Amino acid sequence: MTNSNLAWWQTGIVYQIYPRSYQDSNGDGIGDLPGITRRLDHIARLGVNTVWISPMYPSPMADFGYDVSDYCGINPMFGTMADFDHLLREAHARGLKVILDLVPSHTSHLHPWFLESQSHRENPKRDWYIWHDPKQDGSPPNNWLSVFGGPAWTFDEKTGQYYMHSFLREQPELNWRNPQVRATIYNAMRFWLDKGIDGFRVDVITRMIKDDQFRDEPRNPNWNGVNPYDSLLHIYTKNIPEVHTIAREMRALLEQYPDRVLIGETYLPNHELVNYYGAQNDECHLPFNFQCILLPWNAQTMRRAVDAYDASLPPGAWGNWVLGNHDQHRVATRAGATQARVANMFLLTLRGTPTTYYGEEIGMQDGAIPPEFVQDPPALKQPSIAHIIGRDPERTPMQWDDSPNAGFARAGVRTWLPVADNYTTCNVAAQERDPGSMLNFYRALVQLRKDEPALIAGAYASPDAGAEDVFAYTRTLPGANRLLIVLNFGAHAHTLDLSRVASRATIAIATGMNRTGEVDLAQLDLAPNQGLVLRIV
């Protein structure tokens, strides 16, 4: 396979924007669509080719947009439909694709559909949501739990039944066994595809079907006693086999439009994750691979994860990698600031499509959130474990410069979350001026990825590096340069013998950007926290 045979979503890089936090254009302290448009040149200069925008639909914002009240509109907080159309045009003019979040599993409790469904049991939309009678003692129908804490059921006094919600009570679950629900969501997808968007990332795609017998979920024998949600094995509310029918229907819909992509949010082990490609490669183009966002940051753990995932991919399937998103602590915090460049080199040299979370290009870390600023629903509902489950720290505003509010909003505006403390030194403007900055290193890595076909379409193999905290792997493609990537996940220097790979190589790029020349692979010196991409001679 050569790069010329690949689709844009295979050769490019996805850049995720959390719209509340990217750029405020109107002085309300909240990012918006005109703000994203203003910053498109920054995104284009990174060399990425795809912008993924987290939800910007009308919503009461109980879960910051993941409680949708209109699937075919724009939240006034973020702008107007004209603002979106302008953003789409400007992105396409720069060669950037635009994909949107689709949130089909649940709606807002204020969505007109749910208000109708809740009005009485005979309403035509009653079956659009998951309702069930109480047990004889009036308690919830079963033991299902909400991800955000407490039961997954809320009692409706007026109609005498419980409705189900995997997350907040303000996010009632749609009943995807109802064909009218399916048809209506598919029409919403067509609305955006007809506008010219380039695809969807489907939120919690694995949760779109629930057990129709409403059986209790079994206890988790390995629960560590921390997060109550993990006390059960979620075999009846997640990854039900019938969900694959929905994924195939969504994919078939996208196939009616040329050159679109379907990405699924799939927190699953390999043997279940690969099923979301479909038996005929007819489901998700990219079921998200989140393993490296969840595992401890050390060389051998990552090597085992990459080896296992790469080996598990079915014929014709295209892999992908994610190190950061709006639901997980930032990689520069999880791995440590000294490992941030190694992390970007890791992400951008593996086999498969990478996804970069906004701010990773400058090494942004989690922000400190004072108690009075905490916004995230699960953190507010379960304050004792807020430091574990709270998602505010990874959602702080983008750091553009060293002016008040980091250039995200004008001075004097109270931003929706506080700007991280290090914004005066860690920001785009400062890193633009520094040739050796993380920003310029990120751009150089992306350019190298474009220049070296093996980094996109090449095979992967991981020879033993001979050091516990070093991960080495090769990327090889017939007719292209053979590459060796060597990553030091530790704080100690090493002299490695990688002569089993080749005798000599030249340095294509180093994490410090100041190491060049030819090296002897029988005695390869590797500094602490250093990564190298080597062209094998």
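Here are some notes:
- Listing S139, S462 from fewest to most neighbouring C-beta atoms within 10 Å gives S139, S462.
- Convex hull volume per residue in cubic angstrom - Cα atoms of the chain: 150
- Ordering M81, M208 by the number of other Cβ atoms within 10 Å of each residue's own Cβ, fewest first, gives M81, M208.
- Straightening the chain between E272 and V413 buys 46.1 nm, computed as 0.36 nm per residue apart minus the Cα-Cα spacing.
- Taking trypsin sites (Lys or Arg not before Pro) across region 214-285, the ones in a DSSP loop with at most 14 further Cβ atoms lying within 10 angstrom of their Cβ are R215.
- Calculation over all alpha carbon pairs of region 201-278 in 10 angstrom steps from 0 returns a P(r) of 17, 41, 29, 10, 3 percent.
- Range in the chain, longest, excluding exposed GluC sites (Glu not before Pro) [loop by DSSP; at most 15 other beta-carbon atoms within 10 Å]: 256-467
- Here the residues K135, K381, ranked from fewest to most Cβ neighbours within 10 Å of their Cβ, fall in the order K135, K381.
- Viscosity 1.567 mPa s, 4 °C: Kirkwood-radius Stokes-Einstein D of region 50-197 over Cα pairs, µm²/s: 78
- Cα→Cβ-extended label distance, 7 Å offset, between D327 and D401, nm: 3.6
- Spatially, region 439-500 and region 133-184 are offset by 49 Å when compared through their Cα centroids.
- Local net charge near R303, Cβ-Cβ under 12 Å (Lys/Arg +1, Asp/Glu -1): -4
- Estimated FRET transfer efficiency when R0 is 25 angstrom, pair E432-I507 (beta carbons, to 0.05): 0.55
- Treating r as the C-beta distance of D282 and N422 and R0 as 45 Å, the FRET efficiency rounds to 0.45.
- Computed over the Cα atoms of region 149-279, pair by distinct pair, the Kirkwood hydrodynamic radius stands at 16.7 angstrom.
- If you look at the Cα atoms of region 458-536, you get an Rg and a Dmax of 11.5, 36 Å.
- For the chain, the longest principal axis of the C-alpha atoms and the axis of helix 81-93 are separated by about 20°.
- Averaging the Cα positions of each part gives two centres, and for region 307-347 and region 363-414 these lie 23 Å apart.
- Using Cβ point charges alone (K and R +1, D and E -1), the dipole size of the chain about the Cα centre works out to roughly 860 debye.
- Within region 5-75, the proportion of Cα pairs with more than 21 Å between them is 35 percent.
- Principal-axis tilt of helix 179-195 within the chain, Cα atoms, nearest 10 degrees: 50
- Volume per residue of the convex hull around the Cα atoms, evaluated for region 112-164, comes out as 83 Å³.
- Expressed as a whole percent, the proportion of Cα-Cα pairs in region 301-390 lying more than 23 Å apart is 38%.
- Stretching the chain fully between S312 and T516 yields a gain of 69.9 nm (0.36 nm per residue, less the alpha carbon separation).
- For region 70-102, the residues whose amide N sits under 11 Å from a probe point set 7 Å from the Cα of D259 along the beta carbon direction are 95-97.
- Angle between the chain longest axis and helix 299-312 axis [Cα atoms, degrees, rounded to 10]: 70
Bear in mind these aren't lab numbers, they're just calculated from the coordinates by the rules spelled out. Remember, predicted model here, so these are calculated numbers, not experimental data. All Cβ positions, even for glycine, are placed from backbone atoms using ideal geometry, and neighbour counts span all protein chains on display.
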